[in-house]
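Student: My questions all concern the structure below.
Computed from the coordinates by the stated procedures, all read-outs in this text should not be read as laboratory data. From a predicted model like this one, the values you see are computed outputs, not experimental measurements. Ideal geometry is used to build each Cβ from the backbone, glycine not excepted, and the neighbour counts take in all protein chains shown.
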Amino acid sequence: MSYTKISICCITYNHESYIRKCIDGFIMQKTDFLFDVLIHDDASTDKTADIIREYEAKYPDIVKPIYQKENQYSQGIRPINKFNFERSNAKYIAMCEGDDYWTDPYKLQKQVDFLEENGDCSLCFHASKHINTNNPDKFHVHHPKIIPTDYKFEMKHVILGGGGFMATNSMVFLKEHIMERPEWMDKVPIGDLPLMLLLASKGKIGYVDDVMSVYRIMSSSTSWGASMQNQNRAKKHHYAILKMWSDFDNWTNRKYHKYVLKKMLKNRWNHQKSSIKYILKSLINKS
C-alpha cells in the first residue's frame, strides 16, 4: 500500500448530468492497492467542474483534477487523455469518460489481478452494458462473440473488431506501453482504437467475462455519435480512418496486412451504405 498502483484517467466536458455517477463508480472500488483519479475537465461550460470540486474537497488524496480554462479539444490537441497519462505515477492505467460509469466495485481488483498473473498481456478489458441515453430501457450487453479458452485475444481481433471491439471504459493497461507513441497515432481523430492497436502490438489482450461498466450512447449533442450525424464530418472522419489503417499497416511492416485490408474494405462498404441512406432520406424529406 506504499504507492499508487493504478491511475483512473477520466476526460470530461459538459457532463453535468453524468459526472457524479461516473466518479461514484471510481470511489466505490474495493482494492488491496492504492489508486488515484486523474480527471481532466476540458473547460466545461456547465456545472461539471463545480461537481468535480466537491469530490476533490472530499477525497483530496484520490481525486486530482485539471481544470482547463480553454477547451483543448477544439484547439486540435490530441489525445486529450495525454494530460492525465503524463502525470500518472502508477504502473497501470484505467479509463472512463465522464458520461460513462462503472458498476462493479471489484472491477479494478479483478483486472489488475489478471494482468499481474498474465505477464504476456499488455491490456485487459471486460464485458459492458451499452445503453441509449434517450431511452435507458434500450440496451445491450457488449462482449466478444467468440471467447478463446485462455481468455486472451490478439492483434487480429482488434483490427477486425475496430473501435467497437471493447468499451473504452473497460480498459486497464500497463502505462509503460503508451509513453512512446508512434507518429501515426497523433494524426487520427479518435483516441480509443489507436490506443488498442498500440497495446495489442505490445502483448496479448486479456478478457474478464463480467459486465462491469456502462457505456452511454448519444449522451450529448457533442458526443462522437452525434457528430457523425453530420454527413460532411462523417465523410472526413471516414477518410481519416482509412489513412490511419494505411499508416498503421506501414508501421507494422504489413505484418497484419490481410486483416487491415479486410477492415478497410469493410469500412468503405459501411461508409457507402451510410451515404446511400442519407441521400434516400433527403429525397424522401423533400418529396
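Student: Just add up the charged neighbours of L38: K/R +1, D/E -1, any other residue whose Cβ is under 12 Å from the Cβ of L38.
Tutor: Here the charged neighbours net out to 0.
Student: Can you tally the net charge around V63? Count Lys and Arg as +1, Asp and Glu as -1, for every other residue whose Cβ sits under 14 Å from the Cβ of V63.
Tutor: That works out to -2.
Student: Could you tell me the distance between the Cα centroids of the stretch 91-148 and the stretch 149-168, to the nearest Å?
Tutor: Rounded to whole Å, the Cα centres lie 13 Å apart.
Student: Report the normalised scattering of the chain as log10 I(q)/I(0) at q = 0.07, 0.15 Å⁻¹, calculated by the Debye formula with identical scatterers on the alpha carbons.
Tutor: Values returned for q = 0.07, 0.15 Å⁻¹ are -0.26, -1.27.
Student: How high is the relative contact order of the chain? Use alpha-carbon pairs under 8 Å, at least six apart in sequence, and give a whole percent.
Tutor: Details: 491 pairs, mean separation 55.4, N = 287.
19 percent.
Student: How much net charge surrounds N134 when only other residues with a Cβ under 15 Å from its Cβ are counted (Lys, Arg +1; Asp, Glu -1)? Mind dumping the intermediate values first?
Tutor: Details: positive: K138, R216; negative: D99, D137.
So the surrounding residues net to 0.
Student: Taking neighbour Cβ counts within 10 Å as the exposure measure, how do K263, K243, K69 sort from fewest upward?
Tutor: K69, K243, K263
Student: Rule-of-thumb check for the stretch 1-153: C-alpha Rg over 2.2 N^0.38 Å? Mind showing how you got there, number by number?
Tutor: Numbers: Rg = 16.3 Å, N = 153, 2.2 N^0.38 = 14.9 Å.
Rg over 2.2 N^0.38 Å, computed on Cα atoms: 1.10.
Student: Quick one: P(r) of the stretch 130-180 from all Cα-Cα pairs, 10 Å bins, percents rounded to integers, in order of increasing distance.
Tutor: 18, 43, 28, 11, 0
Student: Under 20 Å between alpha carbons, and skipping anything fewer than 8 positions from K235 in its own chain: which aspartates and glutamates qualify?
Tutor: Filter leaves D186, D192, D247.
Student: Express in nm, to one decimal, how much length is gained between N71 and N267 on full extension, taking 0.36 nm for each residue of separation and deducting their alpha carbon distance.
Tutor: Fully extending the segment from N71 to N267 adds 67.5 nm.
Student: Okay, next question. Taking the number of other C-beta atoms within 10 Å as the exposure measure, put I23, I284, I66 in order starting with the fewest.
Tutor: Lowest count first: I284, I66, I23.
Student: Choose one of V214, M95, P144: the residue whose Cα lies farthest towards the positive end of the charge dipole of the chain (beta-carbon charges +1 Lys, Arg; -1 Asp, Glu; about the Cα centre).
Tutor: P144
Student: Kindly put R216, R53 in sequence by how many other C-beta atoms sit within 10 Å of each C-beta, fewest to most.
Tutor: Lowest count first: R53, R216.
Student: Counting residues in the stretch 121-274 as N, plug N into 2.2 N^0.38 Å and put the Cα Rg over that result.
Tutor: 1.06
Student: Still on this structure, I have one more. Work out the length of the dipole vector of the chain about its Cα centre, built from +1 on the beta-carbon of each Lys and Arg and -1 on the beta-carbon of each Asp and Glu, and round it to the nearest 20 debye.
Tutor: Roughly 1640 debye, rounded to the nearest 20.
Student: Follow-up question, since we're still on this one. Of N250, Y239, L265, which is farthest along the charge dipole of the stretch 228-286 in the positive direction, counting Lys and Arg as +1 and Asp and Glu as -1 at C-beta?
Tutor: Value computed over the given set: L265.
Student: For the stretch 228-286, I need the span (max minus min coordinate) of the C-alpha atoms along each principal axis, in Å, sorted largest to smallest.
Tutor: Answer, in whole Å and largest first: 49, 18, 9 Å.
Student: With unit charges on the beta carbons (Lys and Arg positive, Asp and Glu negative) and the dipole taken about the Cα centre of the chain, which residue among I23, I62, G76 sits farthest to the positive side?
Tutor: Comparing the listed Cα positions along the dipole, G76 ranks first.
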